[in-house]
C-alpha cells in the first residue's frame, strides 16, 4: 500500500507492560515525525490537473492562421505561423489558389498549419474566423452524426476540407482563441500579409 502519511507502531503487550516509559517515548517520536512529514508535504507545490492527467505532456505550439480572397469567389491565399515557445522556433508558410473563397482559405490555413506538425501536440489555435473556430468546436461532431449534413439537412459546404480538419484534430489537443481581424494583432497581421502576398503573386504570375 502506498504511504498515506500514517505511522503504524507494532508493540507486543509484554513490551508495553515492561517498558511503559519507553513505549510512550516511541509513540511521541512517531507522532512528531508524522507531523513534520505532513508539514513538508503541505509546502510542496501542487501539481496542476493537466500535469496529473498527462505527465508526459505533448509539445506545446502556438498556431496563428488567416485567409484572404479577392472577389469571393476569386483568387485567394492562406498563411500560418507556428511558434514553439520552449525553443523559440518560428515557422511561416503561405499558399494560394486561383478560384476559391475566403472561408476555404481560412480552412486551408488551419489544415496546412496542423499538417505541418510532426507529432501530436497541444495546440493553441488563434484565428479571426468564427466559421473555422465554431465549426471545429461545435458543428463538426453534429455534421458527422448527420452524415455530413447541416441541421437543415443541407450538404455541408467545403466538406472535403472539414473532413481533413476532423482527421487532423483527432491527432492533437486544440485550444481555440478568436481575435478580431485587422485589429493590429501582430501574428494575425503577419498572416494576413503573407496570404495577400501569396494571392497577389499568383495573380501576377497569371495562373488561372
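Here's the yes/no breakdown for (1) out of contact with any helix residue (DSSP H, G or I) (no Cβ under 8 Å at 6 or more places or on another chain); (2) at pLDDT 60 or above:
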residue: 1; (1), (2): yes, no
residue: 7; (1), (2): no, no
residue: 35; (1), (2): yes, no
residue: 59; (1), (2): yes, yes
residue: 65; (1), (2): no, yes
residue: 74; (1), (2): yes, yes
The condition from (1) touching a helix residue (DSSP H, G or I) at 6+ places or on another chain (Cβ under 8 Å); (2) buried (at least 18 other Cβ atoms within 10 Å of the Cβ) that residue 196 misses is numbered (1)
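Going by the conditions given, is residue 104 without any contact (Cβ under 8 Å) to a residue 24 or more places away in the chain and over 18 Å from residue 176 (Cβ atoms)? Step through it out loud before you land on a result.
On the way: without any contact (Cβ under 8 Å) to a residue 24 or more places away in the chain: no; over 18 Å from residue 176 (Cβ atoms): yes.
So residue 104 fails the test.
Per-residue answers, yes or no, for (1) more than 13 Å from the chain's Cα centre (by Cα); (2) closer than 23 Å to residue 89 by Cβ; (3) at pLDDT 95 or above:
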site: 124; (1), (2), (3): no, yes, yes
site: 132; (1), (2), (3): yes, no, yes
site: 143; (1), (2), (3): yes, no, yes
site: 148; (1), (2), (3): yes, no, yes
site: 151; (1), (2), (3): yes, no, no
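Which residues, counting only those in the stretch 67-101, are touching a residue at least 12 places away in the same chain (Cβ under 8 Å) and more than 19 Å from residue 206 (Cα to Cα)?
Listed by number, the residues that qualify are 67, 79, 80, 81, 82, 83, 84, 85, 86, 91, 92, 93.
The values are calculated or read from the model by the stated rules, or taken from the named source; none is laboratory data. Note that the structure is predicted; figures quoted are calculated from it, not measured. All Cβ positions, even for glycine, are placed from backbone atoms using ideal geometry, and neighbour counts span all protein chains on display.
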